[in-house]
């Protein structure tokens with residue numbers, strides 16, 4: 001092998017995140033479709049898990065999880081880092097990565113699997129990915145079978161008939177706020193993408209822009225977001241700068257406020273449930289879900305599974321905040337005081353940390 005291999009799929013949310021990163025950093029790679037044979041012969045043997053994307057580096061290291069892959073490449077290719085040097089900018093970038101990766105999956109999955117046009121498109125894509133040489137009819141049948149676990153995941157994420165109107169109302173409001181921001185700034189923190197941009201692009205590209213119904217909705221309701229998506233998927237490599245003097249645009253405040261209003265209580269309860277799990281189980285390994293959490297969107301309550309991985313992502317934000325010196329923390333808190341609940345949650349100690357070992361979660 002002479003260059004890195006990205007194994008994934010166009011239809012995959014997290015493949016989109018990683019592909020955009022590699023293209024911006026100008027890291028040479030070959031993209032390999034995650035077909036049934038590739039899952040059997042490469043992904044499962046090399047990683048022990050059946051998730052995409054994975055990277056096989058040019059020196060034959062197998063990596064899984066987009067956040068860890070990005071951090072691996074940031075060490076190997078430090079030029080034009082996507083992590084801002086400024087304390088406040090870096091924290092905001094990490095917060096928005098967590099929001100995109102772990103919360104916007106709710107509208108992304110709803111719009112893909114609740115709308116017939118999107119569902120038919122996605123099933124065809126699943127079939128084409130799994131069996132690229134099969135006929136269109138065979139691909140549709142394969143896609144229908146392979147997509148069932150994803151379509152069936154809506155209740156686990158907390159998408160129900162009762163709260164679908166609230167999910168759509170919240171998503172469209174967030175889209176409007178993001179559109180107002182991108183009307184003034186090319187990216188979240190200036191004229192180059194940060195880790196937060198890459199967190200948002202996963203759901204906003206692979207599901208909400210690329211799927212036909214939600215793509216038209218984005219173009220109509222938020223043309224500046226659609227233009228940002230196009231900048232992200234076809235970037236000018238290694239260009240741009242973050243805003244000077246650690247500035248964070250106030251146009252991001254409504255988006256952060258929505259994050260903490262909706263996702264904040266889930267983050268808090270996830271920490272509590274992981275702590276309870278740690279004290280009641282001898283096994284250090286963690287399953288993908290450990291219980292249920294009540295949450296609310298636009299005042300409508302529902303229940304979803306508790307995913308410890310969300311805590312792993314959140315730990316990055318907490319570490320970034322709690323490791324600041326007094327002056328940096330004061331400056332950052334001054335900005336985040338405009339976001340109800342943010343400083344309090346970032347200041348909350350994490351009693352039982354989680355780590356990733358062999359591509360699975362475990363208690364530290």
With the Cα gyration tensor of the range 258-363 giving a ≥ b ≥ c as the square roots of its eigenvalues, does the rule (a/c under 1.5 for rounded; else a/b larger than b/c for prolate; else oblate) give rounded, prolate or oblate? oblate
With Rh as the Kirkwood radius over Cα pairs, the range 4-76 has Rg/Rh of 0.92
Kindly provide the Kirkwood hydrodynamic radius of the range 89-134 in Å, to one decimal, from all pairs of distinct alpha carbon atoms. 12.6 Å
Protection proxy ranking, peptides 349-358, 279-288, average beta carbon neighbours within 10 Å, highest first: 349-358, 279-288
Separation of the range 74-143 and the range 259-301 by C-alpha centroid, Å? 23 Å
Quick check: residue separation of residue 327 and residue 180 times 0.36 nm, minus the Cα distance between them. What number comes out in nm? 49.9 nm
For the range 90-246: rounded, prolate or oblate by the Cα gyration tensor [a/c cutoff 1.5]: prolate
With the Cα gyration tensor of the range 36-130 giving a ≥ b ≥ c as the square roots of its eigenvalues, does the rule (a/c under 1.5 for rounded; else a/b larger than b/c for prolate; else oblate) give rounded, prolate or oblate? oblate
Counting only C-alpha contacts under 8 Å and six or more residues apart, can you give the relative contact order of the range 90-246 as a whole percent? 32 percent
Nitroxide proxy distance, nm - points 7 Å out along Cα→Cβ at residue 294 and residue 360: 3.3 nm
Gained length - residue 234 relative to residue 76, 0.36 nm times residue gap less alpha-carbon distance: 54.6 nm
Kirkwood hydrodynamic radius of the chain, Cα pairs, Å: 21.0 Å
222 nm mean residue ellipticity, helices alone, for the chain (DSSP H n ≥ 4; -39,500 (n - 2.57); rounded to 500): -16500 deg cm²/dmol
Once normalised by the length of the range 228-364, the mean sequence separation of its alpha carbon contacts under 8 Å that are 6 or more apart gives a contact order in percent of 27 percent
Picking from 263, 89, 75, which is most flexible by a Gaussian network model of the chain using Cα springs under 10 Å? 75
Per residue, how big is the convex hull around the C-alpha atoms of the range 153-301? Give it to me in cubic angstrom, could you? 154 Å³
When the chain is treated as a GNM, springs tying every alpha-carbon pair under 10 Å, which of 76, 128, 210 comes out with the largest mean-square fluctuation? 76
Stokes-Einstein D for the range 169-252 at 4 °C, 1.567 mPa s, Kirkwood Rh over Cα pairs, in µm²/s? 99 µm²/s
Percent RCO, i.e. relative contact order, over the chain, from Cα pairs under 8 Å lying at least 6 residues apart: 20 percent
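A short reminder: the numbers here are calculations on the coordinates, not readings from a lab. These numbers were taken from a predicted model, which means no experiment stands behind them. Cβ atoms come from the backbone with ideal geometry, glycine included; neighbour counts cover every protein chain shown.
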